[in-house]
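The structure under discussion appears below in the form of structure tokens.
The values are calculated or read from the model by the stated rules, or taken from the named source; none is laboratory data. Values in this document were obtained by computation on a predicted structure and should not be read as measured data. As a convention, Cβ positions derive from the backbone with ideal geometry for all residues, glycine included, and neighbour counts pool all protein chains shown. Remember, those area values only see protein heavy atoms, side chains included, never the ligands or the DNA or RNA. Shrake-Rupley method; radii C 1.70, N 1.55, O 1.52, S 1.80 Å.
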Protein chains: 2
Amino acid sequence: MSTNPTTVTAPEGLPYIDVVRELDAPVALVYRAFTEPDLVRRWLGPRSLEMELDHYDARSGGSWAYTHRDPEGNGYGFHGSFHSVVENESITQTFEFAGYPGHVSLETVTLEALDGDRTRTRTHAVYQSVEDRDGMVASGMESGLTEGYERMDELLATL
Amino acid sequence: MSTNPTTVTAPEGLPYIDVVRELDAPVALVYRAFTEPDLVRRWLGPRSLEMELDHYDARSGGSWAYTHRDPEGNGYGFHGSFHSVVENESITQTFEFAGYPGHVSLETVTLEALDGDRTRTRTHAVYQSVEDRDGMVASGMESGLTEGYERMDELLATL
């Protein structure tokens, strides 16, 4: 199983989070993992949370919503819209946590083909304030993200 | 006719543009001007450009696209998606100029009721880089925006 590192950068004084992660699978499979609802629910987020997908319409102009539920039954809702979805290239979407309403981010993930049928994903997330970005970093997103990518590794190995 | 100032702020070193504009009309009318396609086309942008509306589906999870056409017939396309549209309160949407593809911003306009049936709009736009923000400022957006709000003043006076 892959142990590719998940690199998270939060530049001082700017409202960004940048994530770089390589995957041992070709771009077409990674794209499927990001856009097919039945695949998304199998990797997005930490292992401890079950994803209840409301809708995940991954096309330019579409939207998405899901609830992450912990073992105690507590729900954490997230929703957004897809600005653009370009097959095997990039996905740009908005993101909002229902527990922190009115604070929205804009995230672009870009897929880059590497030698050996591997893929590099680069995510650039922009927040409406540096405080919002700092809050996201403080929420423990890095560990959830790292675990999510490990789940994606496992999923991709089965496709 | 109103001559309320349009205040545009682009903070040094941060990828934001903030716009504050008061309007001599109640929130419900200003909200209509931002969300009803037949009204949007009558004010959004400078006077010299005709707006050809492709679609303008102003609801949470909707999307929009239009082309601004100059007197010589040149077209400038814009498109985005609506993250959230809350009646008489706020609109959060993405924005992309087809002439600068792959560069997206996230814009929230908030409507605030003032005494005397007046409204203050606050727009906070976030760009994916400070360079993108600087490019938008350099494009002359401030004069187009100011003229657009003057057209909105005129439109609101007829509603």
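Using a probe of 1.4 angstrom and keeping all protein chains present, the accessible surface of chain A works out to 47 square angstrom per residue.
Amide H contacts of B:Ser84 (H built 1.01 Å from N, in plane; Pro and chain starts excluded): B:Gly61, B:Thr92 sit under 5 Å, all sequence-distant by 5 or more or on other chains.
Which net charge results when you count Lys and Arg as +1 and Asp and Glu as -1 among the other residues whose beta-carbon is under 14 Å from that of B:Arg69? Intermediate values should be presented prior to the final figure.
Numbers: positive: B:Arg41, B:Arg47; negative: B:Glu50, B:Glu52, B:Asp54, B:Asp70, B:Glu72.
Summing Lys and Arg as +1 and Asp and Glu as -1 gives -3.
Could you give the distance between the Cα centres of the stretch A:115-152 and the stretch B:1-63, to the whole Å? So the separation of the two Cα centres works out to 33 Å. Across the stretch B:10-23, rounded Karplus estimates of 3J(HN,Hα) from the backbone phi angles (6.51 cos²θ - 1.76 cosθ + 1.60, θ = phi - 60°) give 10, x, 4, x, 10, x, 10, 10, 10, 10, 10, 8, 9, 9 Hz, Gly and Pro being marked x. Legend: mean number of C-beta atoms from other chains within 10 angstrom of residue C-beta atoms, peptide B:79-87, equals 5. Other residues whose C-beta falls under 13 angstrom from the C-beta of B:Glu154 contribute a net charge of -1, scoring Lys and Arg +1 and Asp and Glu -1. Inter-copy label distances at B:Glu112, shortest first and taken from points set 7 Å along Cα to Cβ: 4.2 nm. Annotation: for a label point projected 7 angstrom from Cα along Cα→Cβ of B:Val137, residues of the stretch B:95-121 with backbone N closer than 19 Å are B:104-108.
I'd like to know how the stretch B:45-136 sits against the 2.2 N^0.38 Å rule of thumb: what's its Cα Rg over that expected value? Could the numbers behind the result be given before it?
Details: Rg = 14.7 Å, N = 92, 2.2 N^0.38 = 12.3 Å.
Dividing the Cα Rg of the stretch B:45-136 by 2.2 N^0.38 Å gives 1.20.
Within 10 Å of the Cβ of each residue in A:88-96, the mean number of Cβ atoms contributed by other protein chains is 3.
Using the C-alpha gyration tensor of the stretch A:104-159, what are the square roots of 5 times its eigenvalues, in whole angstrom, with the largest one first? Write down the numbers at each step before the final one.
Numbers: eigenvalues 140, 45, 12 Å².
So the equivalent ellipsoid measures 26, 15, 8 Å along its semi-axes.
The gain in end-to-end length when the B:Asn88 to B:Ala28 segment is fully stretched comes to 21.0 nm, 0.36 nm per residue minus the alpha carbon separation.
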